[in-house]
Amino acid sequence: MAIAYRDQGPLARRGGFLHDTASVAERALRSIPRDLEVTVSALFIPVFMYIMTVGALNDVAEEIPGLNYRAFQIPVAVLFAVTGVSRAMVVVTDIQTGYFDRLVISPVNRLALLLGLMIADFALVTALTVPVIIMAFIVGVSFATGVPGILAFMFLSGLWGLIFTGFPYTIALKTGNPSAVNISFLLFFPFLFMTTLFVPLEAMTGWLGTAALYNPVTYLLAALRSLISNGWEPVTLGKGVGAVLGVGVVSIGLALAALKGRATRK
């Protein structure tokens, strides 16, 4: 926030949207090293799930013609790594200490309060894709799309992680309750387990196959898997990006509405 001076003393004035956003993002990025347990848990779960799933089902799953199950499960691991990781707990802390209320009544741009946090989140979740990609190479998985495909894989995974943060931010802004925010990750489980988590869509039957057909995560997984195994498939990638953006309309819309509601209480 910039300071203007008049004869009667200093008066606060707006520093501008970009300045406000950068300031919030910088503060959020500085808080990441203080919450290393979040990063560690975000990596432990996908590695554990990958080892257990591949170890238990690899021999059975690879009876499906043309299926490399180690490669098939890497996108699942990366979604476990990037989903639900956010600075929402920082928002809760700010609400409980009254700092958020002071920000709201200051000249800071209110949209910047959320966008700055999301910029920090995008940086973090994109970084979390790197250990998963390293794990892929360790187990012998390579990318058919090469280095550009790896970058696209990181970006699309990070975009999903960013979009999903709308849900914990909504809960944080609505409730100001740390326990409620901590369970926001549970929202992801129906998305993931009613999709192509273990087998391809064409191998699924019954109601689960129908649910997977209409689940946006199915198309995200297909896009990520195509980058690893099939090469550049514009239609598959387009469907994956469209699915992510469709979820984003809901999640970010809810977060913006919650921000407006929290701000107008003051």
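Laboratory data are not the source of any read-out in this text; all were calculated from the coordinates shown. Bear in mind that the values here come from a model prediction, so they are computed numbers and not experimental data. Cβ atoms come from the backbone with ideal geometry, glycine included; neighbour counts cover every protein chain shown.
Summary of values
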item: Whole-number percent relative contact order across the chain, with pairs defined as alpha carbons under 8 Å at least 6 apart; result: 23 percent
item: Principal axis dimensions, largest first and in whole angstrom, of the stretch 133-266 by Cα; result: 53, 38, 28
item: Cα centroid separation - the stretch 142-195 against the stretch 51-95, whole Å; result: 11 Å
item: Within the chain: Cβ-based charge dipole about Cα centre, in debye rounded to nearest 20 (Lys, Arg +1; Asp, Glu -1); result: 1200 debye
item: Residues ARG27, ARG70 arranged by fewest to most Cβ contacts within 10 Å; result: ARG27, ARG70
item: With at most 16 neighbouring Cβ atoms within 10 Å, loop GluC sites (Glu not before Pro) (DSSP) excluded, longest segment of the chain; result: 64-266
item: Among LEU197, GLY240, GLY166 - extreme Cα towards positive end, dipole of the chain, charges at beta-carbon; result: GLY166
item: Alpha carbon convex hull of the stretch 53-201, volume per residue in cubic angstrom; result: 123 Å³
item: Within the chain, helix-based [θ] at 222 nm, where runs of 4 or more DSSP H residues each add -39,500 (n - 2.57), nearest 500; result: -24000 deg cm²/dmol
item: At most 16 other Cβ within 10 Å, DSSP loop - chymotrypsin sites (Phe, Trp or Tyr not before Pro), the stretch 161-221; result: TYR214
item: Hydrodynamic radius of the stretch 15-264 per Kirkwood, over alpha carbon pairs, in Å; result: 18.9 Å
